[in-house]
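Trainee: Could you have a look at this structure, given as C-alpha cells, before my questions?
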Amino acid sequence: MFWLLKKILILPVLFYQKAISPFTPPSCRYHPTCSQYMVESIEEWGPFKGLWMGAKRFFRCHPWSEGGEDPVPRKLKSKLK
C-alpha cells in the first residue's frame, strides 16, 4: 500500500523536474537539488517521514542558506545471520 502512496507523492516532483525546472534558472543551493532530495527521501524513508524530511529541506533552501552537499540519510541495514 505504501508503494502507491510513494508513487503519488513522487509524481508531482517528477513533473516539476521534467516540465518546469528545465525552463527556470538553477537556484537550489544544495546538492542533490531539493526536488531530487524529496524523491530520494520518500523512496528511502517512506511516504510520511520522507515527505517530512523533504519539506524541511525545501524550507532550508533560501538565499541566505550556505547550501552545499546534503545527501539523504540512509537507513541502517542490519545484517541477519
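The values are calculated or read from the model by the stated rules, or taken from the named source; none is laboratory data. What you are looking at is a predicted structure, and each value in this text was computed from that prediction instead of being measured. A quick note on method: Cβ atoms are made from the backbone with ideal geometry, for glycine too, and the neighbour counts reach across all protein chains shown.
Trainee: Take region 1-50 and flag every residue that is surrounded by 14 or more Cβ atoms within 10 Å (Cβ to Cβ) and of a type in the set (Gly, Ala, Ser).
Mentor: Ser21, Ser35, Ser41, Gly46, Gly50, listed by residue number.
Trainee: Is there any pair with a first residue in region 12-33 that is at negative phi and part of a helix (DSSP H, G or I) and a second that is surrounded by 13 or more Cβ atoms within 10 Å (Cβ to Cβ) and not charged (D, E, K, R) whose Cβ atoms are under 6 Å apart and which are 6 or more apart or on different chains, and what are they?
Mentor: Note: pairs meeting the criteria are Val13/Ser35; Val13/Met38; Val13/Val39; Tyr16/Ser35; Gln17/Ser35.
Trainee: Turning to a different aspect of this structure: Exactly one condition in (1) over 24 Å from Phe2 (Cα atoms); (2) in contact (Cβ under 8 Å) with a residue 40 or more places away in the chain; (3) of a type outside the set (Phe, Trp, Tyr) is not met by Pro47; state its number.
Mentor: Of (1) over 24 Å from Phe2 (Cα atoms); (2) in contact (Cβ under 8 Å) with a residue 40 or more places away in the chain; (3) of a type outside the set (Phe, Trp, Tyr), only one is false for Pro47: (1).
Trainee: Just one of (1) at pLDDT 95 or above; (2) part of a loop (DSSP other than H, G, I, E, B); (3) of a type in the set (A, V, I, L, M, F, W, C) trips up Leu76, so point out which.
Mentor: With respect to (1) at pLDDT 95 or above; (2) part of a loop (DSSP other than H, G, I, E, B); (3) of a type in the set (A, V, I, L, M, F, W, C), Leu76 is out only on (1).
Trainee: Taking Arg57 as meeting all but one of (1) charged (D, E, K, R); (2) more than 11 Å from the chain's Cα centre (by Cα); (3) surrounded by 14 or more Cβ atoms within 10 Å (Cβ to Cβ), write down the number of the exception.
Mentor: Looking at each condition in turn, Arg57 falls short on (2).
Trainee: Take Lys75 and tell me if it is touching a helix residue (DSSP H, G or I) at 6+ places or on another chain (Cβ under 8 Å), basic (Lys, Arg) and surrounded by 11 or more Cβ atoms within 10 Å (Cβ to Cβ).
Mentor: no
Trainee: List pairs: first in region 58-74 and in contact (Cβ under 8 Å) with a residue 12 or more places away in the chain, second in a strand (DSSP E or B) and hydroxyl-bearing (Ser, Thr, Tyr), Cβ under 7 Å, 6+ apart or cross-chain?
Mentor: So the pair list comes out as Cys61/Tyr30; Gly67/Tyr30; Gly68/Tyr30; Asp70/Tyr30.
Trainee: Here's something else I'd like to know. If you go through region 34-50 one residue at a time, how many are closer than 15 Å to Pro71 by Cα and either part of a loop (DSSP other than H, G, I, E, B) or not polar (S, T, N, Q) (or both)?
Mentor: Residues flagged as closer than 15 Å to Pro71 by Cα and either part of a loop (DSSP other than H, G, I, E, B) or not polar (S, T, N, Q) (or both) within region 34-50 amount to 10.
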